[in-house]
Every structure is written in C-alpha cells, then in structure tokens.
Amino acid sequence: MSKTLDLAIDLLKRRSLTPEDAGCQEAMIARLAPLGFKIERMRFGEVDNFYARRGTTGPLIVFAGHTDVVPTGPLDQWHTPPFEPTIKDGMLYARGAADMKTSLAAFITSIEEFIAEHPDHPGSIGLLITSDEEGIAIEGTVKVVEALQARGESFDYCIVGEPTSNKVVGDMIKNGRRGSLSGKLIVKGIQGHIAYPHLVKNPIHLAAPAIKDMVETVWDNGNEYFPPTSWQISNINGGTGATNVVPGHVEILFNFRYCPEVDGQGSSEQSLRTRVHAILDSHGFEYSLDWEHNQSYITPRGKLVEAISNAIVQSYGVTPELSTTGGTSDGRFIADICKEVIEFGPLNATIHKLNECVAVADIEPLKETYKRTMESLLLNEYDN
C-alpha cells in the first residue's frame, strides 16, 4: 500500500454520484490545509467546489479535477460492489477509479511530497476541484473560473487529471479538445392526407436535399492539432404515427465536432453556423434552428507540454503523443484564464463502464509524473 493508493481508496468509498461530492472534497482539504493552502469553498446551487492556493507569486500551476462520478449501471453486473474498492489481480476496481479519483489522490500526494522536499519553493501551487463535471456542468468549474476571472486571477499552467491514456498509461496527453456545436433543426411543412400530395408539403422531402448537401460538405481539412471537422445527425423525428398522414414538421438533431482555427486552418463556431444557414436557405423551405455550443481549446507545444512529457518518460518509460480526440472536458473553461492547459491521467479503457478499474502498479508513477512536472515548472523555471 502507498499513501496515494490509501487516499484513492478513501475517495472511492464515497458515493459521489453527480452532483454529490459525498465528502471527497473535505477529505482533500484536510490534507491541503496543514500544508499552508488557502482554501476557498465555492458552492453554487447544489454543487460543491473548492479552490486552493499555496503561494502568492508566479508561476502558478493548478491541478484541476472532479469528485463526481457517473451512475454505476446494473449492480449485479459488477464483479465487486462499485463503492467498495477492491484490489484483485493487481487491479483496483471501483466506480471512479479511472475517472478520476486516482488522479485526485495523486494530485494530493505529489503536492505533499513536493512541499516536504521544497518547503520554500518558488511560485505557487493550486487546485480547482468540482463535483459537477459528469453532469450538465453549469455550477462547477465554469462558475469557479468566472469568479476567479472577475477578480483578475489567472493561471500559468493547468493539469486536468482526466483519464487520457489509450493503450498504456503515458501514451497520450490531451492538449486540446474539439468544439461541439449542436443544432436542433425543425423543417416546417403542411400536414395532410397522404393520398392528396397536392394539398400537403412534406417536410421530410424538403429536408432531404439539404441533408445531402451537408453530408457532402467538406467543412475544413483540420490542422496540426485537430482532425477535420465532422457533421453528424443523431436524431430525426417526424410523423404522427399513422401511415396515411404527411407530417407538418420534422425535427433533426445534429452535431459538429469541429476543428478550431489554428494558424488560419480550421473552422470557427460562427463560420459553421453561417454556412449551415446558407445551405438551408438555398433550399427555400421554412425552418427554425436553435444552437448549443461547447467551446474548444488548444495548448500548443510549450513549457507545460514539454515538462509533463519529460515527466511521463521518466515515470512510465513511455513517450506520449499529443491528441485532441474525444469529447469535452473542464479544460475548455479553464482555458479562459490559463494559456497552457493539458489533460493527463490513467487509462480510459474502462471509464463509465461496468467494473471500472486501474492497475495498482500505475498509481505511484502517476504521482511521480505530477511531482516531476511541478519540479520542472517551478524549480527549473525559477533557476532560469
């Protein structure tokens, strides 16, 4: 057993289903307060968050993460109870083991060891922890960032402890995320009897050519960090349920996972909206379109990417690749107050699945990775 494993088990025992924290944050705060961290509990709505900082000078490196977990799914399909952490055949099983309580434990113990070895370290260390990441994410990190931004506070570096590793721990760092732009399109027609086509206007027929145009559109070719923008329909709903009635409207839900502009390559949220409206307008039918957007972010190669890449090589013996694949994360909010944001954590093979787990052997190297990154950014930068 190690201090990191002990703390991970303590956090995993807590049934912190979104947006519940179940005492996880207080357990973390109890470890941070004796180290000289200034603790700010920030509760918004029903969501617990905290921001902690040790030091008043730059550079400031912040560790960010979430204590909430997704529902377990059928309990009878778990090999062991999901909130009774169990080690079996070298694996630690529990809901949240990979996403992301092991990372949270590694944050704390890496900071404890770093401060024990460098009690008068230059710069500052921070943590930004929420219990609203797995849900709708409107009372969590985004609200804390807004509060910090309002008082003029910013970060130099941020590491989000998301499970980014693909085949072996250390093989992948997320240095950005694609934007997500969703649309709810309603194409309007005229309902009527299917036997009298001259008296109806079939919205499904009207929408079909526009769908074809959008499927065939090349939105961009990607750039150095992102694959090309993709457009996909997720749902189409139309009709009354009767076989002899032409519907009065059809509802189409679609989504862009878009490549943000970098060095003139990629797309912007506004450019995608404009191009969609242009395609729809060219077909001359009546429609309404509501949009929902999750912003993108990108951290180019720089001090943070270099520091954590070197730390991964030392800790795991693996050279990581940079990636922007996958869904969204709280990194998109933090990027508003931090120029260099990356995500790094355990294997993502079992996240949100039954029997979520991490290898016990991977836990201490994760702590060492975070600790070595702090040493590189705080101690080496100061010496330079």
Residue by residue through the range 46-69, note down the ones that are open to solvent by 20 Å² or more (accessible area, probe 1.4 Å), at pLDDT 95 or above and either farther than 20 Å from Cys158 by Cα or within 22 Å of the chain's Cα centre (by Cα) (or both). Asp48
State the number of residues belonging to the range 294-335 that are modelled with pLDDT of 95 or more and open to solvent by 50 Å² or more (accessible area, probe 1.4 Å). 8
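When you check Lys212 against the structure, is it among the charged types (D, E, K, R) and either in contact (Cβ under 8 Å) with a residue 60 or more places away in the chain or over 29 Å from Ser267 (Cα atoms) (or both), yes or no? Write out each step before concluding.
Working: among the charged types (D, E, K, R): yes; either in contact (Cβ under 8 Å) with a residue 60 or more places away in the chain or over 29 Å from Ser267 (Cα atoms) (or both): no.
Considered against the rule, which asks whether it is among the charged types (D, E, K, R) and either in contact (Cβ under 8 Å) with a residue 60 or more places away in the chain or over 29 Å from Ser267 (Cα atoms) (or both), Lys212 comes out as no.
Condition check ((1) open to solvent by 40 Å² or more (accessible area, probe 1.4 Å); (2) of a type in the set (Asp, Glu); (3) over 26 Å from Cys259 (Cα atoms)) across all residues:
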residue	(1), (2), (3)
Gly140	no, no, no
Glu146	yes, yes, no
Ser154	yes, no, no
Ile159	no, no, no
Lys188	yes, no, yes
Asp220	no, yes, no
Glu224	yes, yes, no
Candidate set from the range 204-249 (those that are among the acidic types (Asp, Glu) and at pLDDT 95 or above); member that is farthest from the chain's Cα centre (by Cα): Asp213
Return yes when Gly192 is of a type in the set (Gly, Ala, Ser), modelled with pLDDT of 95 or more and more than 29 Å from the chain's Cα centre (by Cα) and no when it is not. yes
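Filtering the range 283-306 down to residues that are of a type in the set (Gly, Ala, Ser) and in contact (Cβ under 8 Å) with a residue 12 or more places away in the chain, which residue is farthest from Thr141 (Cα to Cα)? Can you show your working first?
Just the residues of the range 283-306 that are of a type in the set (Gly, Ala, Ser), to begin with: 284, 288, 296, 302.
Cutting the leftovers down to in contact (Cβ under 8 Å) with a residue 12 or more places away in the chain gives us 288, 296, 302.
Numbers: Ser288: 32, Ser296: 15, Gly302: 24 Å.
Looking at the filtered set, the residue picked out is Ser288.
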Considering residues that are within 17 Å of Leu185 (Cβ to Cβ), open to solvent by 70 Å² or more (accessible area, probe 1.4 Å) and not hydroxyl-bearing (Ser, Thr, Tyr), the number found within the range 258-283 is 2
Could you figure out which of (1) touching an Asp or Glu at 6+ places or on another chain (Cβ under 9 Å); (2) part of a helix (DSSP H, G or I); (3) buried (at least 24 other Cβ atoms within 10 Å of the Cβ) isn't true of Phe114? (3)
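Yes/no per residue for (1) charged (D, E, K, R); (2) touching a residue at least 60 places away in the same chain (Cβ under 8 Å); (3) farther than 17 Å from Leu92 by Cβ:
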position: Ile9; (1), (2), (3): no, yes, no
position: Pro19; (1), (2), (3): no, yes, yes
position: Gln25; (1), (2), (3): no, yes, yes
position: Arg31; (1), (2), (3): yes, yes, yes
position: Ile39; (1), (2), (3): no, no, yes
position: Gly45; (1), (2), (3): no, yes, yes
position: Asp48; (1), (2), (3): yes, yes, yes
position: Ala52; (1), (2), (3): no, yes, yes
position: Thr57; (1), (2), (3): no, yes, yes
Is it the case that the range 75-92 has a residue that's closer than 19 Å to Ile115 by Cβ, open to solvent by 20 Å² or more (accessible area, probe 1.4 Å), touching a Lys or Arg at 6+ places or on another chain (Cβ under 7 Å) and in contact (Cβ under 8 Å) with a residue 24 or more places away in the chain? no
Residue by residue through the range 246-257, note down the ones that are of a type in the set (D, E, K, R) and crowded, with 22+ Cβ neighbours inside 10 Å. Arg257
Checking Ala242 against (1) within 30 Å of Glu364 (Cα to Cα); (2) part of a loop (DSSP other than H, G, I, E, B); (3) hydrophobic (A, V, I, L, M, F, W, C), which test does it fail? (1)
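Go through the range 339-384 and report how many residues are assigned to a helix (DSSP H, G or I), charged (D, E, K, R) and surrounded by 24 or more Cβ atoms within 10 Å (Cβ to Cβ).
Quick first cut of the range 339-384, residues assigned to a helix (DSSP H, G or I) only: 360-383.
Narrowing further to those that are charged (D, E, K, R): 362, 364, 367-368, 371-372, 375, 381, 383.
So of that shortlist, the ones also surrounded by 24 or more Cβ atoms within 10 Å (Cβ to Cβ) come out as 367.
Here the count works out to 1.
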When you go through (1) under 19 Å from Ala210 (Cβ atoms); (2) not in a helix (DSSP H, G or I) one by one for Asp281, which number turns out not to apply? (2)
Of those in the range 118-136 that are more than 15 Å from Leu17 (Cα to Cα) and in contact with a Pro (Cβ under 9 Å, 6 or more places away or on another chain), the residue surrounded by the fewest Cβ atoms within 10 Å (Cβ to Cβ) is Pro122
What number of residues in the range 213-270 are within 30 Å of Lys201 (Cβ to Cβ) and not small (Gly, Ala, Ser)? 26
Within the range 306-338, which residues are over 11 Å from the mean Cα position of the chain (by Cα), in a helix (DSSP H, G or I) and small (Gly, Ala, Ser)? Ala307, Ser309, Ala311, Ser315
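The values are calculated or read from the model by the stated rules, or taken from the named source; none is laboratory data. Bear in mind the structure is a predicted one, so any value in this text is a computation, not a measurement. Counting neighbours? That spans all protein chains shown, and the Cβs are built from the backbone with ideal geometry, glycine included. All accessible areas refer to the heavy atoms of the entire protein, side chains included, with ligands and DNA or RNA removed. Shrake-Rupley method; radii C 1.70, N 1.55, O 1.52, S 1.80 Å.
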